[in-house]
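A.B. asks: I'd like to ask some things about the structure below.
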Amino acid sequence: MRAVWYDRQGPASEVLQVGELPDPEPGPGEVRVRLTFSGISPGDTKKRRGWLGSSMPFTRVVPHSDGAGVIDAVGSGVDAGRLGDRVWVYGAQSYRAFGTAAELAVVPDPLAVALPDGVSDELGACLGIPGITAHRAVFADGSVRGRTVLVHGVLGAVSSLAAQLAVRDGATVVSTVRRTDDLADLPDRLRGRAVALDSPDPGAAIRAHAPDGVDRVVEVAFSDNVDLDAAVVRNGAVIAAYATRADRPSFDFWPMLFANVTIRLLGSDDFPVTAKQQAAVDLTAAAAAGDLEISAREPFPIEDAARAHDQVDADNRRRVLLAVGGRA
């Protein structure tokens, strides 16, 4: 099979290799997916470059956890009726050596989720890491129906999905973008309650949309926004953070305490299994209903994997896909 891999960490152009590897075979409880697209997330590029001092977990890594394609082989204990199923894949390279940057990927059966008719492979390959993170950020503390949810960085991959999932569940969503010029880039379904953080008083602008405060915050820049969040939350709110700019954030303790704020930190590889499974169900249903709009770039050919990785690091507003096989 054609695949992308690295045997050492470093810059994409120096360590990523493209070539032939042996076809993998599914073991007990596993399926093999003949992939069409592999979805690339910032976590994939961070693993490759050794972010925060991480080391090589395996002697060789085929990167990427997300993808879409067709099941073409099953291991023992898996229903043979799954052969030929169109699926989207998540968690392929979570604590595993070989991910989706290849024509073929082997994953545990539950990680290959049936892709409904009418949902494209491209969209399916975008659901995994960002979708499951978004779902956890919104729903880890229960339904948001009738609640107000503040979603920061709503043009990003995770936050965009979080906002759409919250709207689908019946929440009032207030979102932020970094600059006023970014407001023009919002999809139609997210217009109307968006605030630019470079406005003179973003806190007042958020409060204008949520005069009683917000119940949940989906946070992409905890260190930058925590004081703003503290100023706009309702008593008992949850701040669910999946990223931060400063590695050691600080915040004013007493206002957060008196507001009884819960800070929830999200590391997607280690979410509870049941949470991932529920996220997969809900994301699939939302995609089938046409309730998810995902902005993605034209897929990169497999030979341009290094350029695709560099694109992820340069701009995470639009999903980056690698075309690893023919269309299903």
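The values are calculated or read from the model by the stated rules, or taken from the named source; none is laboratory data. Model, not experiment: these values are computed from the prediction. In this analysis, Cβ positions are derived from the backbone assuming ideal geometry, glycine residues included, and neighbour counts consider all displayed protein chains.
A.B. asks: Keeping to segment 285-328, report how many residues are under 13 Å from residue 126 (Cα atoms), modelled with pLDDT under 95 and of a type in the set (Gly, Ala, Ser).
C.D. replies: 2
A.B. asks: Next question. If we scan segment 259-269, do we find a residue that is at pLDDT below 95, assigned to a helix (DSSP H, G or I), under 22 Å from residue 158 (Cβ atoms) and not hydroxyl-bearing (Ser, Thr, Tyr)? Steps first, answer last, please.
C.D. replies: Here is the first cut: in segment 259-269, the residues at pLDDT below 95 are 267-269.
Filter once more, so that each one left must be assigned to a helix (DSSP H, G or I): 268-269.
Still in the list and also under 22 Å from residue 158 (Cβ atoms): 268-269.
Right, trim to not hydroxyl-bearing (Ser, Thr, Tyr) and you get 269.
Looking through segment 259-269, at least one residue is at pLDDT below 95, assigned to a helix (DSSP H, G or I), under 22 Å from residue 158 (Cβ atoms) and not hydroxyl-bearing (Ser, Thr, Tyr).
Table: residues versus (1) buried (at least 19 other Cβ atoms within 10 Å of the Cβ); (2) under 24 Å from residue 121 (Cβ atoms).
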{"position": "2", "(1), (2)": "no, yes"}
{"position": "13", "(1), (2)": "no, no"}
{"position": "36", "(1), (2)": "yes, yes"}
{"position": "62", "(1), (2)": "yes, yes"}
{"position": "68", "(1), (2)": "yes, yes"}
{"position": "72", "(1), (2)": "no, yes"}
{"position": "75", "(1), (2)": "no, yes"}
{"position": "83", "(1), (2)": "no, yes"}
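A.B. asks: Right, here's the next one. Can you tell me which residues in segment 165-176 are buried (at least 24 other Cβ atoms within 10 Å of the Cβ) and not small (Gly, Ala, Ser)?
C.D. replies: Quick first cut of segment 165-176, residues buried (at least 24 other Cβ atoms within 10 Å of the Cβ) only: 165-166, 173-176.
Hits for segment 165-176 are 165, 173, 174, 176.
A.B. asks: Among the charged types (D, E, K, R), at pLDDT 95 or above and assigned to a helix (DSSP H, G or I): does that describe residue 25?
C.D. replies: no
A.B. asks: Oh, and also: So which strands (runs of 3 or more DSSP E) are wholly in segment 165-224 and hold at least 1 residues that are under 28 Å from residue 252 (Cβ atoms), in contact with a Pro (Cβ under 6 Å, 6 or more places away or on another chain) and in the same structural domain as residue 243 (by TED's automatic domain parsing)?
C.D. replies: Because the criterion is at least 1 residues that are under 28 Å from residue 252 (Cβ atoms), in contact with a Pro (Cβ under 6 Å, 6 or more places away or on another chain) and in the same structural domain as residue 243 (by TED's automatic domain parsing), the strands (runs of 3 or more DSSP E) in segment 165-224 that meet it are 194-196.
A.B. asks: Six or more apart or on different chains, Cβ under 7 Å: which pairs go from a residue in segment 141-164 that's more than 15 Å from residue 222 (Cβ to Cβ) and among the hydroxyl-bearing types (Ser, Thr, Tyr) to one that's at pLDDT 95 or above and surrounded by fewer than 24 Cβ atoms within 10 Å (Cβ to Cβ)? Could you list them?
C.D. replies: Pairs found: 143/169; 148/171; 148/172; 148/210; 148/215.
A.B. asks: Of (1) touching a residue at least 12 places away in the same chain (Cβ under 8 Å); (2) more than 19 Å from residue 290 (Cβ to Cβ), residue 80 satisfies all except one. Which?
C.D. replies: (1)
A.B. asks: Next question, about the same structure. Given the options 308, 286, name the one that is out of contact with any Asp or Glu (no Cβ under 6 Å at 6 or more places or on another chain), more than 25 Å from residue 101 (Cα to Cα) and buried (at least 16 other Cβ atoms within 10 Å of the Cβ).
C.D. replies: 286
A.B. asks: Among the residues in segment 242-252, are any over 27 Å from residue 129 (Cα atoms), among the hydrophobic types (A, V, I, L, M, F, W, C) and at pLDDT below 95?
C.D. replies: Yes, some residue in segment 242-252 is over 27 Å from residue 129 (Cα atoms), among the hydrophobic types (A, V, I, L, M, F, W, C) and at pLDDT below 95.
A.B. asks: Just to be sure before I move on: is residue 43 part of a helix (DSSP H, G or I) and of a type outside the set (Asp, Glu) in the structure I sent?
C.D. replies: Numbers: part of a helix (DSSP H, G or I): yes; of a type outside the set (Asp, Glu): yes.
When the stated conditions are applied, residue 43 passes them.
A.B. asks: Right, another one. Only one of these conditions is not met by residue 278: (1) of a type in the set (S, T, N, Q); (2) at pLDDT 95 or above; (3) more than 21 Å from residue 129 (Cα to Cα). Which number is it?
C.D. replies: Just one mismatch for residue 278, condition (3).
A.B. asks: What do you reckon, is residue 144 in contact with a Lys or Arg (Cβ under 7 Å, 6 or more places away or on another chain) and in a helix (DSSP H, G or I)?
C.D. replies: So residue 144 fails the test.
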